[in-house]
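Only one structure is covered here, and it is reproduced in the block below.
The values are calculated or read from the model by the stated rules, or taken from the named source; none is laboratory data. These numbers were taken from a predicted model, which means no experiment stands behind them. Note that we place each Cβ from the backbone using ideal geometry, even for glycine, and neighbour counts take in every protein chain shown. We work out accessible area using only protein heavy atoms, side chains counted, and drop any ligands, DNA or RNA first. Shrake-Rupley method; radii C 1.70, N 1.55, O 1.52, S 1.80 Å.
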Amino acid sequence: PVAERIKIKAVKSMQDKRVQIYGWVHRLRRQGKSLMFIILRDGSGFLQCVLSDLLCQTYDALVLQTESSVAVYGTLLACDKAIGGIELKCDYWELIGNAPPGGIDHVLNEESQVDVQLDQRHLMLRGENLSKIMAFRAILLRAFRDHYESRDHAEITPPTMVQSQVEGGSTLFKFDYFGEEAFLTQSSQLYLETVLSSLGDAYCIAQSYRAEASRTRRHLSEYTHVEAERVFITFDDLLNSIEDLIVDVIERVMANPTGKELLLFFNPDFKPPKKPFKRMNYSDAIEYLKANDIRKDDGTFYEFGEDIPEMPERRMTDKINEPIMLCRFPAQIKSFYMPRCKEDNRLTESVDVLLPGVGEIVGGSMRIWNYDELIQGFKREQINPEKYYWYTDQRLFGTAPHGGYGLGLERFITYLLNRYHIRDATLYPRYISRCTP
Ligand code: ATP
Ligand code: MG
Ligand code: MG
Ligand code: MG
């Protein structure tokens, strides 16, 4: 009978039929001279294939190694012992590309050090864990797009080579742009703000770059930034949008059978966060750190006006053990574009969302929409506003109250899949002293 060419994910619906499948030899077991088992991998799943008699006595069968690419033909039969309860009884096969003896085992195996794993990331991807994380990541990205589609946000593709800064000069990557100084973008926020008056609420999923000189387990130098901006909203609307984003995206992932299966594979105890999230002001957090004896390295306490760094923030979040919307940071530790709170001029209309196990995953705020105030903000940060005319013009031509936020995709995955280090959520991670493969 003719063989229909299929992907492994479709085997269930093809039981008892003859099929053709292309893939890679994930595992290989020879049993005596006349029986051979291949676990075939094709990116959509894994399938046990049985080769018997002459099929495993050819030259190709004798030299076959794991990680070779092959085509297999045969009938799909029910089999209790096989993964997925189905196996392929092979009647013909072809070796397409063989691999060195032992496959990738001599380069990468269970005992490999982290640095070897990272150098061999392209081979590591062939393993089950990393490929599952990347499959999950793709589902998550789709959930974000579906969320924004359903909330009427327009998707844009901003430039990532820029001559503006958003989050302070210390983490800028500079490069030579035909003789002019340019940067890799830290955030697409400013560009998103410029489209509100033409497209309305907007979002983008783009790479952001931060020259993070210290090694932490949640900082990359290149990451995927999910950012959105909304217009004619209040600070409270902004907080609700962020909460809605997190809850809705998780619901969408869990409604996808593969998404749910992958999430629970890595994080079996996962409980989706519920609205409303705990809301806490920055000043309450300073009090919380004191009350819980969380101190700086030198033994003193964090005082109002100081940035709360990663370690104390993590300790607080892990202790509270639920999402926190940390609001109203003092102006001196936040960026030039954040407006002051009416009730207290020292504070800004800003928010960070903190999640257990990771800490900050979202940073957001309202944006100054008064022209003169914005220019003051630039001056305070010693940034020349003239270069930002395309941004400040928004305040001259029909200004409007607006706000937005950015979420780190890899941090969100780290939280959802309960990973220890952010690099686990990244295809080819970049951080200090690693820019390859
Ligand atoms: P942190 O305090 O952890 O350094 P940030 O306050 O500098 O983060 P924002 O400028 O607020 O970060 O960026 C918005 C979001 O982007 C953050 O909440 C985080 O999820 C993500 N993010 C920021 N920097 C990084 C990074 N270096 N690697 C990965 N994700 C990042
Ligand atoms: Mg930072
Ligand atoms: Mg921060
Ligand atoms: Mg932040």
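Pick from the stretch 169-200 the residues that are among the aromatic types (Phe, Trp, Tyr) and in contact with a strand residue (DSSP E or B) (Cβ under 9 Å, 6 or more places away or on another chain): which of them is nearest to ligand 2 (Cβ to nearest atom)? That would be 173. I want to confirm something. Restricting to the stretch 128-164 and keeping residues that are of a type in the set (Val, Ile, Thr) and open to solvent by less than 40 Å² (accessible area, probe 1.4 Å), which single residue is nearest to residue 411 (Cα to Cα)? The extreme case among them is 133.
Take the residues in the stretch 217-248 that are β-branched (Val, Ile, Thr) and touching a Leu at 6+ places or on another chain (Cβ under 7 Å); name whichever of them is surrounded by the fewest Cβ atoms within 10 Å (Cβ to Cβ). Out of the qualifying residues, it is 231. Among residues of the stretch 315-328 being open to solvent by less than 10 Å² (accessible area, probe 1.4 Å) and touching a strand residue (DSSP E or B) at 6+ places or on another chain (Cβ under 7 Å), the one that is nearest to ligand 4 (Cβ to nearest atom) is 326. Scanning the stretch 185-197 for residues that are part of a loop (DSSP other than H, G, I, E, B) and β-branched (Val, Ile, Thr) gives a single hit, 185.
Restricting the search to helices (runs of 4 or more DSSP H) fully inside the stretch 308-420 and requiring at least 3 residues that are within 19 Å of the chain's Cα centre (by Cα) and within 16 Å of ligand 2 (Cβ to nearest atom) gives 409-416. Cβ separations smaller than 7 Å between residues 6+ apart or across chains give the following pairs from the stretch 298-316 residues that are more than 26 Å from residue 422 (Cα to Cα) to residues that are within 16 Å of ligand 4 (Cβ to nearest atom) and assigned to a helix (DSSP H, G or I): 302/312; 305/332. Across the stretch 192-214, the number of residues qualifying as over 21 Å from the mean Cα position of the chain (by Cα) and polar (S, T, N, Q) comes to 3. Screening 252, 230, 218 for residues that are within 16 Å of ligand 4 (Cβ to nearest atom) and of a type in the set (Lys, Arg) leaves exactly one candidate, 218. Do we have residue 174 as without any contact (Cβ under 8 Å) to a residue 24 or more places away in the chain and among the basic types (Lys, Arg) here? The answer is yes for residue 174. Just to be sure, is residue 135 among the small types (Gly, Ala, Ser) and either farther than 30 Å from residue 57 by Cα or not in a loop (DSSP other than H, G, I, E, B) (or both)? Criteria met by residue 135.
Could you list, in sequence order, all residues of the stretch 192-216 that are closer than 16 Å to residue 162 by Cβ and open to solvent by 50 Å² or more (accessible area, probe 1.4 Å)? Answer for the stretch 192-216, where residues must be closer than 16 Å to residue 162 by Cβ and open to solvent by 50 Å² or more (accessible area, probe 1.4 Å): just 207. Scanning the stretch 160-184 for residues that are within 16 Å of ligand 1 (Cβ to nearest atom) and part of a strand (DSSP E or B) yields 162, 173, 183, 184. Filter the stretch 259-296 for residues that are touching a Phe, Trp or Tyr at 6+ places or on another chain (Cβ under 7 Å) and open to solvent by 80 Å² or more (accessible area, probe 1.4 Å) and give the result. 295 - this is the single residue of the stretch 259-296 that is touching a Phe, Trp or Tyr at 6+ places or on another chain (Cβ under 7 Å) and open to solvent by 80 Å² or more (accessible area, probe 1.4 Å).
As a summary of the residue check, residue 311 satisfies the conditions (1) modelled with pLDDT under 95; (2) surrounded by 15 or more Cβ atoms within 10 Å (Cβ to Cβ) except for the one numbered (2). Being away from ligand 2 (no atom under 16 Å from the Cβ), modelled with pLDDT of 95 or more and among the hydroxyl-bearing types (Ser, Thr, Tyr), is that true of even one residue in the stretch 201-209? There is at least one residue in the stretch 201-209 that is away from ligand 2 (no atom under 16 Å from the Cβ), modelled with pLDDT of 95 or more and among the hydroxyl-bearing types (Ser, Thr, Tyr).
Just a yes or no: is a residue in the stretch 227-247 within 16 Å of ligand 2 (Cβ to nearest atom) and in contact (Cβ under 8 Å) with a residue 24 or more places away in the chain? Checked the stretch 227-247: at least one residue is within 16 Å of ligand 2 (Cβ to nearest atom) and in contact (Cβ under 8 Å) with a residue 24 or more places away in the chain. Consider the stretch 151-191 and keep the residues that are of a type in the set (S, T, N, Q) and under 21 Å from the mean Cα position of the chain (by Cα). The one that is farthest from ligand 3 (Cβ to nearest atom) is 157.
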